[in-house]
Amino acid sequence: MLPEDNIYPASLPEGYEFVIEDEPEFDPAIHLQLERPDRIWMLSDLGYDEKVISRFASPVAATSAARLLSDEGIAVMADITRKLHPFIRHNTHGARVPATLRGTTHRSRFVRDLCLSPEITEFFSEMFHTQLVPHTITHQQGHMNFQPKELRKEVDTWHHDATAFDWVLMVHDPNKIRGGRFQIFDGTREEGWKLMRSGAGIPEDRIITPDFAGPGYACYMQGSAVFHRASRLEELGERASLVQSYVSTNVKVPDPNWFDWIRPTEGSINDVNYIEQACAPAEWARHRAWVAKRRLQELMDELPLNATAQEVLHAMEHVTNDLNDLNDLLRRGPVSHEESQVNRDLVDARHIS
């Protein structure tokens, strides 16, 4: 990873602080136990054709569950999770995920260093055949999902991610509770959305349910391409997962990271809703600037001096389109969920055009 690819902020966002007292220092030799998964699904296995695959940074879709944390790492992560419970946000009004926690890397040094671990980054990159770096949007580093208060709600409904790559790690033993399983649709994201919007739902015989042998196991995936969910719990119990996101340094392909506008709300700087939303515009500006910077460097390195005006225009649009999209969104201000989904559909269509 180049130094310029680490854009973790020099100071914490206002309203955040490291709150875990006496937490151990993360040590990969002690806290990691990286084991290769038994199974790797390619995008082609899920039904993507070659044209679409060429628009993604990696041909790999997802893996089976494999050990990521050692016993020591599991114990530390479980303890930190318990101490972070006061910051959980319980979402309402039909939110996709009923209980979440963002900004964990701004509250725990251990979680921060785990999520920025070069050992995991290189391990992930090698499996997916593209150089990855921890996500340029720090609120997508180490976010957590928890069990809902009501059994009728799924832990996380069917979706594909707004970020490119991630791993999903079980903090608690998923075999000690019924339900709440991480599942993958055996198909493309477009087919998944079509089935859900038609009311047919995802057929049981097309659901892949990776086997998590215990806590500290993780699935790796190109989440922007994989339709997935965490199913409903069948009994009340403790369930927490840690999700760490990444971006690929391959910026020749369309940027799959999607800016779903986080609407500003009135609130205290100490309120988790408010401070996450307050950071969103700057976080996305930093991400798009990182993409543009890499694309500009590639343009300088690779654009032939005898390129035609049309070729230069195409190269410049590749650099500036994402910046212009963000500028337009910031000028418009908050958008509704329905508008956001329409915008996402348009971006998805451009992604495979």
How many residues are open to solvent by 50 Å² or more (accessible area, probe 1.4 Å) and in contact with an Asp or Glu (Cβ under 7 Å, 6 or more places away or on another chain) if we restrict to the range 173-232?
-> 3
Kindly provide the set of residues from the range 254-279 that are within 25 Å of V168 (Cβ to Cβ), of a type in the set (D, E, K, R) and either modelled with pLDDT under 50 or surrounded by 18 or more Cβ atoms within 10 Å (Cβ to Cβ) (or both), ordered by number.
-> D255, E276
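Among E311, E302, which is more than 24 Å from S224 (Cα to Cα), modelled with pLDDT of 90 or more, of a type in the set (D, E) and exposed (fewer than 12 other Cβ atoms within 10 Å of the Cβ)? Lay out the reasoning, then the answer.
Details: E311 fails: exposed (fewer than 12 other Cβ atoms within 10 Å of the Cβ).
Going through E311, E302 in turn, just one is more than 24 Å from S224 (Cα to Cα), modelled with pLDDT of 90 or more, of a type in the set (D, E) and exposed (fewer than 12 other Cβ atoms within 10 Å of the Cβ): E302.
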Counting only residues that are at pLDDT below 95, touching a Gly at 6+ places or on another chain (Cβ under 8 Å) and among the aliphatic types (A, V, I, L, M), the range 233-253 contains a total of 1
Any idea how many residues of the range 153-183 are over 18 Å from the mean Cα position of the chain (by Cα) and acidic (D, E)?
-> 2
Filtering the range 279-318 down to residues that are among the charged types (D, E, K, R), closer than 15 Å to P254 by Cβ and either in contact with a Ser or Thr (Cβ under 7 Å, 6 or more places away or on another chain) or touching a residue at least 12 places away in the same chain (Cβ under 8 Å) (or both) yields R288, R294, R295, E298
Would you mention how many residues in the range 76-88 are small (G, A, S) and farther than 19 Å from Q244 by Cβ?
-> 0
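Could you check the range 311-331 and list, in sequence order, the residues that are farther than 21 Å from R286 by Cβ and out of contact with any helix residue (DSSP H, G or I) (no Cβ under 8 Å at 6 or more places or on another chain)?
Hits for the range 311-331 are E311, V312, L313, H314, E317.
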Subset of the range 304-320, residues of a type in the set (V, I, T) and assigned to a helix (DSSP H, G or I), comes to V312, V319, T320
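The values are calculated or read from the model by the stated rules, or taken from the named source; none is laboratory data. From a predicted model like this one, the values you see are computed outputs, not experimental measurements. Glycine gets a Cβ as well: all are built from the backbone with ideal geometry, and neighbour counts include every protein chain shown. Heads up: the accessible areas ignore ligands, DNA and RNA and are worked out on the full protein's heavy atoms, side chains in. Shrake-Rupley method; radii C 1.70, N 1.55, O 1.52, S 1.80 Å.
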